[in-house]
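Comments concern the structure below.
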Amino acid sequence: MEGAIASCVGKVCDKHGLALANIWVVEDDRLVTARRFQKFSTRAAPLLFFGERCEEHSFKIGEGLPGTAWQEGRAVWIEDVTSLPLHRYMRLKIAEACGVRASFAVPFIVCGATLAVLEFVLAEVRARDDQLVADITRALAEALVLKVSTGLRSARSVSNSHSASDSESEGSEEA
């Protein structure tokens, strides 16, 4: 599923010019980065460095931006992370050093369970953009539908091949 989410995130980053996206997945009651699914839409070394440093962090529910989105079950947007105190944005020092200004997180919820939290990082202050959040949510839903339909097609294919082999076996027993 993470691969489908990563593909969706990549398209959203490219379409909207988002510098960095982290996919945080739930593991042992904490959010940890799915490092191999980070998406960098920038060549700016400081933002790349920030993205690399994110893998050193994890968040409990309600902790930090990703943990807050997880707890609230909705998108959380910070227009300017540099305006927050350190206890509200635990990566503040590295964010300031790397030129991170805005950040927002969108939870990926299926049947009431948060599977992941997508965090997007920008190098400029940006006001909340509800259309962008809606685009991300829609893209996640499309990724889920694609993943489920692919799984169903695969299951049907396996079922059909078993049915064909069962028919062949039954036919050979009668001969």
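Evaluate the following for GLU119: is it closer than 14 Å to ALA21 by Cα, charged (D, E, K, R) and touching a residue at least 40 places away in the same chain (Cβ under 8 Å)?
yes
Which of the strands (runs of 3 or more DSSP E) found entirely inside segment 48-127 contain at least 1 residues meeting this: in contact with a strand residue (DSSP E or B) (Cβ under 6 Å, 6 or more places away or on another chain) and of a type in the set (Asp, Glu)? Before the answer, list the steps.
Details: elements: 76-78, 102-110, 113-122.
Passing ranges, in order: 113-122.
Here's a check for you: in segment 2-44, which residue that is over 9 Å from the mean Cα position of the chain (by Cα) and open to solvent by less than 20 Å² (accessible area, probe 1.4 Å) is modelled with the lowest pLDDT?
Restricting to residues being over 9 Å from the mean Cα position of the chain (by Cα) and open to solvent by less than 20 Å² (accessible area, probe 1.4 Å), the top hit is GLY10.
From (1) without any contact (Cβ under 8 Å) to a residue 40 or more places away in the chain; (2) over 23 Å from ALA143 (Cα atoms); (3) under 14 Å from the mean Cα position of the chain (by Cα), pick out the condition that doesn't hold for LEU65.
That leaves (1) as the condition not met.
Which condition number in (1) within 18 Å of ASP14 (Cα to Cα); (2) over 15 Å from the mean Cα position of the chain (by Cα) is the one that THR82 fails?
(1)
Across segment 66-90, what is the number of residues that are of a type outside the set (S, T, N, Q), modelled with pLDDT of 95 or more and under 17 Å from LEU47 (Cβ atoms)?
The number of residues fulfilling the criteria is 3.
The values are calculated or read from the model by the stated rules, or taken from the named source; none is laboratory data. Since the model is a prediction, treat every value here as computed from it, not as a measurement. Please note: Cβ atoms are built from the backbone with ideal geometry, for glycine as well, and neighbour counts cover all protein chains shown. Surface accessibility is based on the protein's heavy atoms, side chains included, excluding ligands, DNA and RNA. Shrake-Rupley method; radii C 1.70, N 1.55, O 1.52, S 1.80 Å.
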